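The block underneath contains the structure these notes are about, expressed in structure tokens.
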């Protein structure tokens, strides 16, 4: 259950980075709503991370949390913001995801 909590914390990290990017592109009410989404996602991410570290070592939890955030944000950037994709970028994203999975399997 704590690993699921940690994964959700990482997904909320992707949410707050996405909201941050959308807020800077928006104006008026739309920007305000994106900023609210940013604050809610950031708060949820931190709260879920704090819950997860109660039973998962902090070094592992932080690495997985930031890894999910980094890989997820890069993926959102590619899919929603038309960021460039090339062989090296995809390769290193895959290596990052493999590292996250590896940490799960070697953690007790």
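Couple of notes before you dig in:
- Whole-number D in µm² s⁻¹ for region 2-106, Kirkwood Cα-pair radius fed into Stokes-Einstein, 37 °C, 0.692 mPa s: 228 µm²/s
- Alpha-carbon centroids, region 1-63 and region 65-106: separation in whole Å: 16 Å
- Relative contact order for the chain, counting Cα pairs under 8 Å that sit 6 or more residues apart, in percent: 32 percent
- For the pair residue 108 and residue 58, the difference between a 0.36 nm per residue extended length and the Cα-Cα distance amounts to 16.8 nm.
- Region 1-61 - Debye-derived log10 I(q)/I(0), Cα point model, q = 0.13, 0.16, 0.29 Å⁻¹: -0.38, -0.51, -1.04
- Only helical runs count toward this figure. For the chain, summing -39,500 (n - 2.57) over DSSP H runs of n ≥ 4 and dividing by all residues gives -30000 deg cm²/dmol at 222 nm.
- Estimated at 0.36 nm per residue, the fully extended path between residue 25 and residue 81 surpasses their Cα-Cα distance by 19.1 nm.
Laboratory data are not the source of any read-out in this text; all were calculated from the coordinates shown. The structure presented is a predicted model; accordingly, all values stated were derived computationally and were not measured.
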